[in-house]
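The values are calculated or read from the model by the stated rules, or taken from the named source; none is laboratory data. In this text the structure is predicted, and so the values were computed from the model without any measurement. Ideal geometry is used to build each Cβ from the backbone, glycine not excepted, and the neighbour counts take in all protein chains shown. Note: accessible area is taken over every heavy atom of the protein model, side chains too, but ligands, DNA and RNA are not part of it. Shrake-Rupley method; radii C 1.70, N 1.55, O 1.52, S 1.80 Å.
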Amino acid sequence: DSVALGSIDLDALNEIRQLDPSSGAIILREIVVSYCASSSKLMLRLRSAVADHNLQRVEQLAHSLKGGSSQLGAILLATLCDDMIASARHNAPEQLIAQFERAAVEHCAVLSGLDRALQNIAA
């Protein structure tokens, strides 16, 4: 749990939660659920683009993933997306593969951290 929670800046989640004064944090829940679904799809597409060495597509997908991740406080994942964007722009597919693998592991930690954060809000 500590690793998962470490993947999320809880201040970002608290800022979103302040948009919804209700006790159930409905807006935050909807945003987190939407992010989990869309980021998982992006990761699958990103894996395919990395494998196909489609650097333009990698750049687009990593940029999309970076935006949503940074908004929810997944700072390390957003940074790894920046690294993938740079590698795609510099035509460095070997680096890109390693960066994607690190991003995939971090994405799992982010999903777990978001789940844990929502459980803590509900408690």
* Asked: Quick one: is Q56 under 30 Å from I27 (Cβ atoms), open to solvent by 30 Å² or more (accessible area, probe 1.4 Å) and modelled with pLDDT of 95 or more?
  -> no
* Structure fact -> Of (1) of a type in the set (D, E, K, R); (2) at pLDDT 90 or above; (3) open to solvent by less than 50 Å² (accessible area, probe 1.4 Å), D20 fails just (2)
* Structure fact -> Just one listed residue, out of A74, A49, A25, A37, is under 11 Å from the mean Cα position of the chain (by Cα), buried (at least 17 other Cβ atoms within 10 Å of the Cβ) and either closer than 19 Å to C108 by Cα or not charged (D, E, K, R) (or both), and it is A74
* Applying the selection to region 52-62, what residues are touching a helix residue (DSSP H, G or I) at 6+ places or on another chain (Cβ under 6 Å) and more than 17 Å from V110 (Cα to Cα)? -> H53, L55, R57, V58, E59, L61
* Considering (1) open to solvent by 50 Å² or more (accessible area, probe 1.4 Å); (2) modelled with pLDDT under 95, say which one E101 fails and leave the rest. => (2)
* Residues in region 91-100: is at least one touching a Lys or Arg at 6+ places or on another chain (Cβ under 9 Å) and closer than 20 Å to D9 by Cβ? -> no
